[in-house]
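Structure, as structure tokens:
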Amino acid sequence: MRFSIRKSKIITQTFVTLTLLFSLHIFISLLTKNLRHEEHVIVDPKRIAIVAINLIKSKNKYIEAEEMNECYAIQHKYSLITLYDNRDFDITYNCKQFDFSFRRHCILANFAYRNKNLYDYILFIDSDMGVINPAQKLEKYLPKGKEEIIFYERYFNHEIAAGSFIFKNKDYARHLLHYIANYEGRLPLTYSCRDNVILHGAIVEYISSGIYGKEFINCNNFLSDIQNFTTCEIYVACMRWILNKVDENNNYYDYQSFSNKKIIILKKFSERRWVRDIWLTKFQFSEADFFLHDLKSEKFFYNKRFILDEFIFNRDLCEGPDFMDAWKYNKSAVTDTSTINKKLMEWKNKADRNFLKLLNLSNVENV
């Protein structure tokens, strides 16, 4: 009898020990994974390109953002390239998309292929995006491991941004970009939204194998009867519902992954996101910001102290150790990160509430 009791205690203790060891193993694995996740990609900075694409060459439309980016690229030895739809015919000749917002993805894919032996990573940006914190390095934000392309979610809604993403210059990302560009040809003639909307359906169809097919058809039905931008928002919410269902991370981390971790979508407060809209925080920023969106020259013209008192573009200064002196910050525009995050959280909460309303209008959960 005593032997049985002792044996039972030993078995229980062994089970508890194994359970604790297993839990510790899982904890260490997750911790190690997160630590690896924070590591910078080791790459020659000369093999990183920052690329913007414009419809036409327009002098002084984005001059401040362009100079900020050029100074930043000079300091860190990245390549900064601006392509023009009406000028760079060697990479635009086969891009026949009617809407420039789709055509630019074709142009970008062609450029990437043409320069596949020159650039390993490409950061695509809208021309009105500019570096506000030049101390940050792109290596921190590059795709890691199996990751091929990284998108991010905007703060004020649940839209995946089409105006900036980072990708490895390999076949997978280039093929996806052509797929997004060519998706225009499958849209109804009445379609009036742009690539930032249809991007969601393109990604869903690109990664899926018919799963959630009925729901996908339900979402697509909204494209045939777009009456206003709210219809576009319903479509986006509907497609995001599908993406949430097929997320390989089960929405556990601050990012979503698809296609065996090849496609990454960063959530609103992910530390890996590199850009946000400046107007969300009433044109204030903090040291945690990297790129800012909506830095058009007209804003600097009408408000001389918009976010900078001035920007001094000087190649010698940009190359030297005091390069940050080129950014003469407007002190009233600089605040602490907690203040910025509080304002962004307000936008997130508003976006979450609106998402539920749009989801209900889509009826996707009842298909």
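We did not get these values from a lab; they are worked out from the coordinates using the rules stated. The structure presented is a predicted model; accordingly, all values stated were derived computationally and were not measured. Methodologically, a virtual Cβ is constructed for each residue, glycine included, from the backbone with ideal geometry; neighbour enumeration extends over all protein chains shown.
Observations, loosely collected:
- Answer from 268, 299, 245, 261 - the residue that is of a type in the set (Lys, Arg), under 27 Å from residue 357 (Cβ atoms) and surrounded by fewer than 18 Cβ atoms within 10 Å (Cβ to Cβ): 245
- For the range 180-199, a residue qualifies if it is surrounded by fewer than 16 Cβ atoms within 10 Å (Cβ to Cβ) and either basic (Lys, Arg) or not in a loop (DSSP other than H, G, I, E, B) (or both), and the qualifying residues are 185, 186, 194.
- The range 110-134, subset of a type in the set (Phe, Trp, Tyr) and closer than 19 Å to residue 150 by Cβ, residue surrounded by the fewest Cβ atoms within 10 Å (Cβ to Cβ): 119
- Against the list (1) over 28 Å from residue 63 (Cβ atoms); (2) polar (S, T, N, Q); (3) surrounded by fewer than 17 Cβ atoms within 10 Å (Cβ to Cβ), the condition residue 314 fails is (1).
- Of the helices (runs of 4 or more DSSP H) that lie entirely inside the range 45-154, those containing 3 or more residues that are within 24 Å of residue 201 (Cα to Cα) and either hydrophobic (A, V, I, L, M, F, W, C) or more than 19 Å from the chain's Cα centre (by Cα) (or both) span 100-114.
- Candidate set: the range 199-224, residues that are touching a residue at least 40 places away in the same chain (Cβ under 8 Å) and among the charged types (D, E, K, R); chosen: the one farthest from residue 364 (Cα to Cα): 214
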